[in-house]
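The values are calculated or read from the model by the stated rules, or taken from the named source; none is laboratory data. Every value quoted in this text rests on a predicted model; they were computed, and no experiment measured them. Glycine also receives a Cβ, built like all others from the backbone with ideal geometry; neighbour counts cover every protein chain displayed. Note: accessible area is taken over every heavy atom of the protein model, side chains too, but ligands, DNA and RNA are not part of it. Shrake-Rupley method; radii C 1.70, N 1.55, O 1.52, S 1.80 Å.
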Amino acid sequence: MDRCLTDHSRIGTIRVPFWRADIAMSKVKQAQEATTQAVSADLLQDQSALDDFFMGFALNEARRAQDAGEVPIGAVVVIDKQIVGSGHNQPIRLHDPTAHAEILALREAAQRIGNYRLTNATVYVTIEPCAMCAGAMVNARVQRLVYGAADLRAGGVETVFQICTNSSLNHRVDVISGVQADAGRELMQSFFKQRRKPQPEALSGSTE
């Protein structure tokens with residue numbers, strides 16, 4: 001005997017075989033999925049918008065560093081459009097000169113995926129990485145690096161050194177620069193401006 005649905009909302013009884021109801025529900029679900037996929041596809045096809053989106057998370061990490069009294073640089077590692085690692089500068093808190101945002105994000109990503117090679121990864125960082133961090137990305141076989149503002153004094157990617165694209169090394173990283181550069185630069189300038197302000201104790205001559 002066929003299983004049926006019974007509709008009592010009308011006079012009499014309408015008997016709808018379950019297999020027809022299943023087909024109808026399946027079509028509705030397919031339509032919903034198609035719409036979602038179309039919207040996602042439109043977003044993901046715009047690489048610039050995607051880079052802006054993930055750089056926002058790196059900027060949030062930079063603000064965490066600033067709140068903790070660390071130099072405000074943040075980074076996230078993205079694989080298959082998912083964040084698998086994040087970090088912000090913590091050398092002071094961790095008593096670790098290598099605890100830069102990029103290093104911490106790379107470590108977390110490698111632990112999460114269970115592989116020290118991050119061949120399909122994109123690293124987003126608010127400020128141009130230093131030589132140490134650029135070298136770590138080469139060693140990790142990172143696919144892409146997207147950074148914000150240049151580091152005129154110690155940039156290891158384009159400004160002072162060109163580690164990520166050096167043809168003498170056994171891996172080269174695709175580099176995109178200038179993504180939300182103003183936001184990253186503003187955080188840095190604000191941080192160091194605040195640090196240069198005379199402290200109240202110094203103004204009052206207190207030695208306590």
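Brief remarks on what is shown
- Accessible area, probe 1.4 Å, largest first, for residues Leu152, Leu145, Leu187: Leu152, Leu187, Leu145
- If R0 is taken as 35 Å, the Cβ-Cβ distance between Arg153 and Leu50 corresponds to a FRET efficiency of 0.70.
- The residues Ser177, Ser167, Ser86, sorted by heavy-atom accessible surface at 1.4 Å with ligands and nucleic acids left out, run Ser167, Ser177, Ser86 from largest to smallest.
- With the simple model of a label 7 Å out from the Cα in the direction of the Cβ, Val160 to Arg196 spans 1.9 nm.
- Remark: accessible surface ordering of Phe57, Phe191 (largest first) is Phe57, Phe191, probe radius 1.4 Å.
- Residue-wise HN-Hα couplings along the range 159-168, as the Karplus relation 6.51 cos²θ - 1.76 cosθ + 1.60 with θ = phi - 60° gives them from phi, are 6, 9, 10, 10, 5, 5, 10, 5, 5, 7 Hz; Gly and Pro carry x.
- Looking at the range 56-208, the DSSP beta bridges with both ends there are about 60 percent antiparallel.
- Cα-derived Rg to Rh of the range 102-208, Kirkwood definition: 1.15
- Converting phi to 3J(HN,Hα) with the Karplus coefficients 6.51, -1.76 and 1.60 and the offset θ = phi - 60°, the range 106-116 yields 5, 4, 5, 5, 4, 5, 5, 8, x, 7, 7 Hz in sequence order, with x at every glycine or proline.
- Built amide H within the under 5 Å cut-off of Val84, gap 5+: Val77, Val78, Ile79
- Using a Förster distance of 30 Å, the FRET efficiency for Arg112-Ile176 (Cβ separation, nearest 0.05): 0.80
- DSSP-loop trypsin sites (Lys or Arg not before Pro) across the range 99-151, with at most 13 other Cβ within 10 angstrom: Arg117
- Simple label model, 7 Å out from Cα along Cβ direction - Asp96 to Glu186, nm: 3.1
- Here Ala68 and Ala131 are evaluated by their C-beta separation; at R0 = 22 Å the FRET efficiency comes out at 0.35.
- When the surface is traced with a 1.4 Å probe over the full set of protein chains, Met188 keeps roughly 40 Å² accessible.
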